[in-house]
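Novice: Have a look at this one.
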Amino acid sequence: MLKPRLIPSLLIEDGLLVKTINFKSPKYVGDPINTVKIFNEKQVDELCVFDISATKLNIEPNYQLIQDIASQSNMPICYGGGIKTSEQALKIFKLGIEKIALGSVLFTNLDIIDEIAAQVGSQSVVVVLDVRKRLIGGYDLYLQNGTVNTKIDLIAFLKKIDSYPYGELIINSIDRDGTFKGYDFDLARKIYNYVSRPITILGGASSLDDIKSLFKEFRIIGAAAGSLFIFKGKYKAVLINYPSKEDKEKLITK
């Protein structure tokens, strides 16, 4: 059985590392290659890399950047952004990426999950869903970096894809993104009974205590965070950070 993982989430726009708040106003925070090298030194469990410009501009993934990131990484990487065909996904795997995250393409071609899983196995296929809470309850799924509301209910979609051979699920809270308000535990509770696969929660982590609480309450295999591992202190100075091995063990100990 897989152990819980702490996963930094990196956003790439035009080849640069950025951070957003509620998926808006990307702020430049550094060079993605240098950031990967720092996370190598900190012995990170896994890294998520999402190219938000590829998604927004509806263009192909930046294969050269992906190759550069993969060649510098000593940790498994999950990549998402701009993937519309299984051929693109397989090309990315050949560049050294371990997992592919599928988002927008699922709303036009669910069969891409079958196509990729048949080639590389379901363990390498990750479904990533961007969600926002409705005013009257429940969660809608959003596309195009949170700008397009599909009006599709999260739970209804999870039931729809349950029979497809994907290996993991990432749920990204638009409402909590970059806010340091803590994870949306109501969201985690809502999906808990509908997903049998490993789940990663992303959006809002404010401290390592948030991560510890997430691991304690749920069968969560991954706690992902962007701002928490990029900023430090009251004034949010850019300082790449990650808990030591000893501190991490304390987080996942029941």
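Each reported figure results from applying straightforward, stated rules to the coordinates on display, with no laboratory input. None of the values given here were measured: they were computed from a predicted structure. Reconstructed Cβ throughout: ideal geometry from the backbone, glycine too, with neighbour counts over all protein chains shown.
Novice: Checking G226 against (1) under 21 Å from V49 (Cα atoms); (2) free of Cβ contacts under 8 Å to residues at least 60 places away in the same chain, only one condition comes out false. Which one?
Specialist: Going through the list (1) under 21 Å from V49 (Cα atoms); (2) free of Cβ contacts under 8 Å to residues at least 60 places away in the same chain, G226 breaks only (2).
Novice: Could you list, ordered by first residue, the pairs with Cβ atoms under 7 Å in which the first is in the stretch 25-40 and assigned to a strand (DSSP E or B) and the second is among the small types (G, A, S) and surrounded by fewer than 20 Cβ atoms within 10 Å (Cβ to Cβ), at least 6 apart or interchain?
Specialist: Pairs found: none.
Novice: Scan the stretch 76-123 for residues that are within 14 Å of the chain's Cα centre (by Cα) and of a type in the set (G, A, S) and jot them down.
Specialist: Selection gives G80, G81, A101, G103, S104.
Novice: Would you mind finding the one in I59, I12, I69 that is over 25 Å from P165 (Cα atoms) and part of a loop (DSSP other than H, G, I, E, B)?
Specialist: On the way: I12 fails: part of a loop (DSSP other than H, G, I, E, B); I69 fails: part of a loop (DSSP other than H, G, I, E, B).
Answer to the check: I59.
Novice: Could you check how many residues of the stretch 116-128 are touching a Leu at 6+ places or on another chain (Cβ under 7 Å) and surrounded by fewer than 21 Cβ atoms within 10 Å (Cβ to Cβ)?
Specialist: Going through the stretch 116-128 one residue at a time, the tally reaches 1.
Novice: Just to check your reading of the model, which residue among T179, T150 is in a loop (DSSP other than H, G, I, E, B) and polar (S, T, N, Q)?
Specialist: Values: T150 fails: in a loop (DSSP other than H, G, I, E, B).
Going through T179, T150 in turn, just one is in a loop (DSSP other than H, G, I, E, B) and polar (S, T, N, Q): T179.
Novice: Still on this model: On the given criteria, is D162 more than 15 Å from the chain's Cα centre (by Cα) and loosely packed, with under 15 Cβ neighbours inside 10 Å? Before the answer, list the steps.
Specialist: Values: more than 15 Å from the chain's Cα centre (by Cα): yes; loosely packed, with under 15 Cβ neighbours inside 10 Å: yes.
Yes; evaluated as a whole, the condition is true for this residue.
Novice: I've got another one for you. Is the stretch 221-233 home to any residue that is surrounded by fewer than 20 Cβ atoms within 10 Å (Cβ to Cβ), assigned to a loop (DSSP other than H, G, I, E, B) and not small (G, A, S)?
Specialist: yes
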